[in-house]
Amino acid sequence: MQALTHTSQFQQSNDFNNIVLERRSVKVYDPEVKISREEMTEILSKASRAPSAINMQPWRFLVIDSAEGKEKLAKLASFNQTQVQTASASIAIFYDVNNIEYIDEIFSKAVELGYMPQDIMDMQMQQLKPYYANVTATELHNMNLIDASLVSMQLMLVARAHGYDTNPMAGYDKEKIAEAFGLDSNRFQPVMLISIGKAAKEGYPSYRLPVETTTTWA
Ligand SMILES: Cc1cc2nc3c(=O)[nH]c(=O)nc-3n(C[C@H](O)[C@H](O)[C@H](O)COP(=O)(O)O)c2cc1C
């Protein structure tokens with residue numbers, strides 16, 4: 001069985017409490033700080049360890065890290081100008097409507113790597129193919145949004161472990177983003193935009209509803 005590796009030349013912190021409790025949505029970044037594509041690949045790869053329904057991993061990332069890309073994005077980013085202009089990169093998260101195309105790869109790789117016995121794969125495939133053939137568009141949309149939201153949260157925490165800050169954003173032109181960057185807008189459905197970089201100005205602390213308000217015990 002292939003082991004997952006945990007070593008990194010980039011990761012800066014493994015302090016879980018700091019990563020989670022000190023995360024703030026950061027709006028202003030140091031524009032001089034670049035994140036190499038090698039490090040960004042590692043960040044995206046760690047974020048992609050997020051769970052997803054049937055392990056289908058429907059998320060797709062558009063990393064906008066070039067000057068031209070940022071200029072194009074700024075036009076679509078309504079009131080979130082500072083984030084997209086100063087961040088090292090902005091990552092547009094999409095989900096892939098045609099993600100089912102990867103089901104054979106996902107399952108057969110799991111068998112090849114020794115993560116899943118062949119007979120379990122065969123059994124699951126037998127159940128899943130008719131499920132996907134009959135699932136409604138709304139059900140699929142909801143499932144994909146949940147999965148893409150989980151990867152987004154994980155991405156923001158991985159970014160913190162790498163010494164960066166983020167801001168999730170819904171304020172951008174979701175109708176135009178895919179096409180503006182040459183992606184098929186029917187296939188790639190927008191989820192959120194996340195800026196990532198070194199904070200130049202700290203994010204504000206924010207109130208959380210107490211657990212007594214948000215929780216029911218049974
Ligand atoms: C889906 C989503 C969309 C958001 N959209 C924006 C946005 O467009 N612009 C912005 O400045 N912050 C945006 N935020 C950030 C929230 O305002 C922020 O997460 C919240 O106030 C809590 O603050 P914190 O992230 O610093 O803990 C968004 C957050 C989420 C989860």
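Rundown of residues vs (1) β-branched (V, I, T); (2) touching a Leu at 6+ places or on another chain (Cβ under 6 Å), yes/no style:
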residue: D30; (1), (2): no, no
residue: S36; (1), (2): no, no
residue: K46; (1), (2): no, no
residue: A50; (1), (2): no, yes
residue: N55; (1), (2): no, no
residue: Q81; (1), (2): no, no
residue: A87; (1), (2): no, no
residue: V97; (1), (2): yes, no
residue: S108; (1), (2): no, no
All but one of (1) more than 20 Å from Y164 (Cα to Cα); (2) over 16 Å from the mean Cα position of the chain (by Cα); (3) surrounded by 18 or more Cβ atoms within 10 Å (Cβ to Cβ) hold for Q57; state the number of the condition that does not hold. (2)
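Looking at S36, is it at pLDDT below 95, surrounded by 11 or more Cβ atoms within 10 Å (Cβ to Cβ) and more than 16 Å from the ligand (Cβ to nearest atom)? Give the steps one after another, and end with the answer.
On the way: at pLDDT below 95: no; surrounded by 11 or more Cβ atoms within 10 Å (Cβ to Cβ): yes; more than 16 Å from the ligand (Cβ to nearest atom): yes.
So S36 fails the test.
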Sole miss for V28 among (1) more than 20 Å from the chain's Cα centre (by Cα); (2) β-branched (V, I, T); (3) more than 16 Å from the ligand (Cβ to nearest atom) is condition (3)
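Regarding L128, is this residue hydrophobic (A, V, I, L, M, F, W, C) and modelled with pLDDT under 95?
On the way: hydrophobic (A, V, I, L, M, F, W, C): yes; modelled with pLDDT under 95: yes.
So L128 passes the test.
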Is at least one residue of segment 76-95 more than 13 Å from the ligand (Cβ to nearest atom), surrounded by fewer than 14 Cβ atoms within 10 Å (Cβ to Cβ) and within 18 Å of the chain's Cα centre (by Cα)? no
Expected output for segment 23-39 (first residue within 20 Å of M153 (Cβ to Cβ) and among the aromatic types (F, W, Y), partner part of a strand (DSSP E or B) and more than 16 Å from the ligand (Cβ to nearest atom), Cβ below 6 Å, 6+ apart or cross-chain) is none
So, of the residues in segment 31-42 that are hydrophobic (A, V, I, L, M, F, W, C) and within 17 Å of the chain's Cα centre (by Cα), which turns out to be farthest from I91 (Cα to Cα)? I35
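Has segment 43-51 got any residue that is exposed (fewer than 15 other Cβ atoms within 10 Å of the Cβ), in contact (Cβ under 8 Å) with a residue 60 or more places away in the chain and either away from the ligand (no atom under 16 Å from the Cβ) or within 19 Å of the chain's Cα centre (by Cα) (or both)?
Restricting attention to segment 43-51, the residues satisfying the condition of being exposed (fewer than 15 other Cβ atoms within 10 Å of the Cβ) are 45, 49, 51.
In the following step, the residues that additionally are in contact (Cβ under 8 Å) with a residue 60 or more places away in the chain were identified as 49, 51.
Next, only the ones that are either away from the ligand (no atom under 16 Å from the Cβ) or within 19 Å of the chain's Cα centre (by Cα) (or both) stay: 49, 51.
Yes, the conditions are met somewhere in segment 43-51.
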Conditions first: (1) of a type in the set (A, V, I, L, M, F, W, C); (2) away from the ligand (no atom under 14 Å from the Cβ); (3) touching a residue at least 40 places away in the same chain (Cβ under 8 Å); (4) closer than 30 Å to A133 by Cβ. F107 passes all but one, so which condition is the exception? (3)
Cross-chain or 6+ apart pairs with Cβ under 6 Å, segment 147-175 first and closer than 27 Å to H6 by Cβ, then part of a helix (DSSP H, G or I) and within 11 Å of the ligand (Cβ to nearest atom): T166/M156
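The values are calculated or read from the model by the stated rules, or taken from the named source; none is laboratory data. Everything numeric here is computed off the predicted structure, so don't read it as measured data. We place every Cβ from the backbone using ideal geometry, glycine too, and count neighbours over all the protein chains shown.
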